[in-house]
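All remarks here apply to the structure that follows.
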Amino acid sequence: MKSLIQQSKWIGTAAAMIIAGVCRLGLAQTPATQPSAAPPLPPGHPDISTLHQQSGTQLPPGHPKLPQAGATTQHAMGTINLRVMQKTAGGPKIGADAITVQFFVQDQLLGQTQTKLSDDGTLQVTDVPLDHKVMPLFRVTHNGVVFTAAGEEVSPEQPTANLEMNVYEPTETAPAWSVMMRHVILRDVKDAVEVTDVLAINAEGDHAWIGAADATGRRTTLVIPLPAEAANVKVDGMDDGSYHVLGGNLVCSGPVTPGENRFRISYTVAATKGVAAFTVAAPAPMQHFMLVSPEDGTKLDVTGMNSLGSKKMNPNAPAARMFMATSLKKDQTVTISVSGLADLKPEATQPSSDAVPMPGMQSDTEASATQPTSMVAKVVALGGATLILAIGAAVMLIKSPRPTPAKKQK
């Protein structure tokens, strides 16, 4: 209980410091209140207002030290530098586009502000308090399209962070796109299978694909087939309102930028007589597809993928059954069947994040304890961490007993 109280006090203090630190960007401040009068001292207690001037005056043993006159608490401050880059060939120079800056500490939103970039497409945020690591999230609106990027954390060890953020001119013409990596992670529970489906989609070209508008003005970009049995569909890595489920598909209306686009779909497949079966289809040519399921006593049947056997990917987690397929064609399917769920013991189930290391990703329980949609999960899916590469590292470990150095991320 004490640690919770201390954390609550710190969050309140940090929030006030964040808001004060970004006030120069236009965030409103709450007027300061006057301190209340000090309570009377016990009879015979030294006069603390002049105590610091009295040489030789001694405080009782164990009495806390008193601040000297004029002393103030100093806090280390950090700086975040952002440069927004135009990446469409022949596109206009980036100027004073609208931008929203949000500040997070340990998945808690502490403050935000709306302002504009400088005429040269840059923004500097100063006076960021460094009591703890602070992560900024930037949302730039360029030519009607919102682009999002997570900045590096600033901390006492790294007080300055620099970020280059790319924006593109919009187009309604669909680019050539494919699925670079797809990883489906299963979590078996009694009478159901919880599915986490992580995708890394690559789009060609140098424009942001916004899709064509229908009669209602709604735009459509990506269409991802969902299993007919999927229920409770949720998506991380897309802004709220930028997707909906229609006709057994996840229909996305948000922009697709050139290069890698990451997001995570989660859903539940209910079991019938202890068996949960569903089919996963490739929405486009798919280069690499991996399936992971903990060894929990259930029977797992998979068609359309090659078995890699049972592997222990985490020293603190049970072994996981792993399957892999490569070079799948559009609409090619993989069928998954999990039986024996009715006999599953509660202690045998494992969170999907334990099966394969996924830095920065929270479990659903942790996410619900912080926000309805986990900020960390969303930032990771948007490109704030090497989620897909972390999962893909499992394949490297399987192929070779020697560790493969990770590529340095820009």
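The values are calculated or read from the model by the stated rules, or taken from the named source; none is laboratory data. Keep in mind that what you see is a predicted model, and the values were worked out from it rather than measured. For neighbour counting, all protein chains shown are included, and Cβ atoms are generated from backbone atoms with ideal geometry for every residue, glycine included.
Observations on the model:
- Hey, E164 touching a Ser or Thr at 6+ places or on another chain (Cβ under 6 Å), closer than 28 Å to R219 by Cβ and of a type in the set (D, E) or not: no
- Filtering segment 327-364 to residues that are of a type outside the set (K, R), more than 18 Å from K312 (Cβ to Cβ) and either modelled with pLDDT under 50 or in a loop (DSSP other than H, G, I, E, B) (or both) leaves D331, Q332, G340, L344, P359, G360, M361, Q362, S363, D364.
- Residues of segment 156-167 satisfying the condition of being crowded, with 17+ Cβ neighbours inside 10 Å and among the hydroxyl-bearing types (S, T, Y): none
- Scanning segment 80-119 for residues that are part of a strand (DSSP E or B) and either among the aliphatic types (A, V, I, L, M) or not assigned by TED's automatic domain parsing to the domain that holds N162 (or both) yields I80, L82, V84, M85, A98, I99, V101, V105, L109, L110.
- Residues that are in contact (Cβ under 8 Å) with a residue 12 or more places away in the chain and either surrounded by 18 or more Cβ atoms within 10 Å (Cβ to Cβ) or not hydrophobic (A, V, I, L, M, F, W, C) (or both), drawn from segment 74-91: H75, G78, T79, I80, N81, L82, R83, V84, Q86, K87, T88, G91
- Any hit, segment 138-145, residues being of a type in the set (V, I, T) and either in the same structural domain as K330 (by TED's automatic domain parsing) or crowded, with 16+ Cβ neighbours inside 10 Å (or both): yes
- Residue within segment 98-114 that is under 21 Å from D206 (Cβ atoms) and of a type outside the set (F, W, Y) present: no
- From the list V280, V269, V292, the lone residue that is touching a helix residue (DSSP H, G or I) at 6+ places or on another chain (Cβ under 7 Å) and under 14 Å from L186 (Cα atoms) is V292.
- Condition check for E194: of a type in the set (D, E) and not assigned by TED's automatic domain parsing to the domain that holds T335: no
- When each of G297, G309 is tested for being at positive phi and assigned to a strand (DSSP E or B), the lone residue that passes is G309.
Here is a yes/no grid of residues against (1) farther than 21 Å from A192 by Cα; (2) at pLDDT below 95:
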| position | (1), (2) |
| --- | --- |
| L308 | yes, yes |
| P315 | yes, yes |
| A319 | no, yes |
| A325 | yes, no |
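- Residue list for segment 120-134, restricted to those being touching a residue at least 40 places away in the same chain (Cβ under 8 Å) and either surrounded by fewer than 21 Cβ atoms within 10 Å (Cβ to Cβ) or assigned by TED's automatic domain parsing to the domain that holds G205 (or both): T122, Q124, T126, D127, L130, D131, H132
- Residues of segment 208-230 that are among the aliphatic types (A, V, I, L, M) and either under 23 Å from the mean Cα position of the chain (by Cα) or buried (at least 22 other Cβ atoms within 10 Å of the Cβ) (or both): A208, I210, L222, V223, I224, L226.
- A search for C-beta distances below 6 Å between a residue of segment 245-266 that is in a strand (DSSP E or B) and any residue that is of a type in the set (S, T, N, Q), counting only pairs 6+ apart in sequence or on different chains, returns V251/T220; C252/T221; V256/T221; E260/N202; S266/T196.
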